Amino acid sequence: MKAISVQGLTKQFDRFVAVDQISFDVQRAEIFGFLGPNGAGKTTTIRMLCGILKPSQGRGTVAGLDILRENEKIKRQIGYMSQRFSLYPDLTVVENIDFFAGIYGLSGAKKNARRQWALVTANLKEYTRRLTRELPLGYKQRLALVCAMLHDPPIIFLDEPTAGVDPVSRRHFWDLIYRLKEERQTTIFVTTHYMDEAEHCERIALIQNGKISALDAPSELKKSITSRIYVVNGEPAGTVREVITQERGARSLVPFGVAFHVFFDSDQSAQVVKKELKKKGVVLERFEPVLPSLEDVFISFVENKA
């Protein structure tokens with residue numbers, strides 16, 4: 001049975017269409033990612049799937065339950081970690097765990113067992129009496145995750161779970177997600193705008209302006225790009241940009257650190273640009289083809305140039 005399945009899902013606020021006729025399936029125990037910029041429709045989609053928002057059109061199921069008629073039942077079958085930090089800052093770590101355990105109807109021995117599971121899983125046993133607001137952000141995020149899973153839901157929704165978290169804490173957070181998937185066969189639906197984070201997902205849906213532009217495994221999405229991508233780094237950078245934008249065979253130019261990633265129709269087009277740059281006196285540090293990154297994939301699909 002599919003963990004999540006939606007067809008033609010749409011959400012409109014007055015004249016603004018936040019989510020526009022999207023369709024996709026998520027398999028059981030899959031890590032499925034929604035990748036897109038802020039305002040793309042990621043959070044709105046999650047809220048519809050979680051039973052918080054009612055769709056304007058479309059249909060779908062979550063854990064076999066209808067998102068239109070059984071939204072209250074869905075809430076008992078899922079965990080949800082919101083984009084904003086949702087715990088109580090003036091409660092201790094263990095008080096937050098006990099509070100959410102009560103919300104999920106846990107008591108007695110089961111509550112005690114799940115409390116210990118949460119503390120061990122999130123590596124928080126040394127912080128049980130620490131006020132939540134005093135925790136580093138990475139620890140807060142891990143606490144929020146285990147609190148969302150106290151009732152052992154088969155599906156968990158993570159909305160921008162590591163926004164603002166440093167790279168090391170982000171890696172620890174993802175290590176925890178992998179453990180949950182392997183040990184408990186949890187289905188994980190995660191939204192993100194971090195390209196490196198999306199690499200952790202087994203499949204990704206690229207979403208922009210409420211529409212899904214592509215959906216596949218990260219490796220397959222990279223293979224789908226037909227352009228030749230070159231990294232170009234030279235001085236003066238203004239001349240580099242000017243020459244590239246005037247070449248018909250250069251389909252896109254994107255800043256990438258101190259360099260540019262340039263989408264060319266062919267290697268021949270790239271060599272034409274290289275000769276022109278040298279003619280203009282540009283000192284080239286790098287001008288070479290590179291394998292596409294997920295950021296390149298996203299830019300290509302958003303611009304309908306894949």
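The values are calculated or read from the model by the stated rules, or taken from the named source; none is laboratory data. Just so it is clear, the structure is predicted and the values come from calculations on it, not from any experiment. For neighbour counting, all protein chains shown are included, and Cβ atoms are generated from backbone atoms with ideal geometry for every residue, glycine included.
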Determine whether Glu288 is touching a residue at least 40 places away in the same chain (Cβ under 8 Å) and not assigned by TED's automatic domain parsing to the domain that holds Ser23. yes
Among residues of the range 256-285 being free of Cβ contacts under 8 Å to residues at least 12 places away in the same chain and more than 25 Å from Gly36 (Cα to Cα), the residue surrounded by the fewest Cβ atoms within 10 Å (Cβ to Cβ) is Lys279
Qualifying residues in the range 228-241 (those that are touching a Gly at 6+ places or on another chain (Cβ under 9 Å) and not aliphatic (A, V, I, L, M)) - the one surrounded by the fewest Cβ atoms within 10 Å (Cβ to Cβ): Pro236
Identity of the residue in the range 1-43, of a type in the set (S, T, N, Q) and at pLDDT 95 or above, that ends up farthest from Gly210 (Cα to Cα): Gln27
Residue count, the range 242-255 (criterion: crowded, with 16+ Cβ neighbours inside 10 Å and either in a loop (DSSP other than H, G, I, E, B) or free of Cβ contacts under 8 Å to residues at least 40 places away in the same chain (or both)): 6
Within the range 29-40, can one find any residue that is assigned by TED's automatic domain parsing to the domain that holds Glu202 and over 21 Å from the mean Cα position of the chain (by Cα)? no
Which condition does Pro292 not pass, out of (1) surrounded by fewer than 13 Cβ atoms within 10 Å (Cβ to Cβ); (2) assigned to a loop (DSSP other than H, G, I, E, B); (3) within 31 Å of the chain's Cα centre (by Cα); (4) not polar (S, T, N, Q), if it passes all the others? (1)
Regarding Ala214, is this residue touching a strand residue (DSSP E or B) at 6+ places or on another chain (Cβ under 7 Å) and under 30 Å from His151 (Cβ atoms)? no
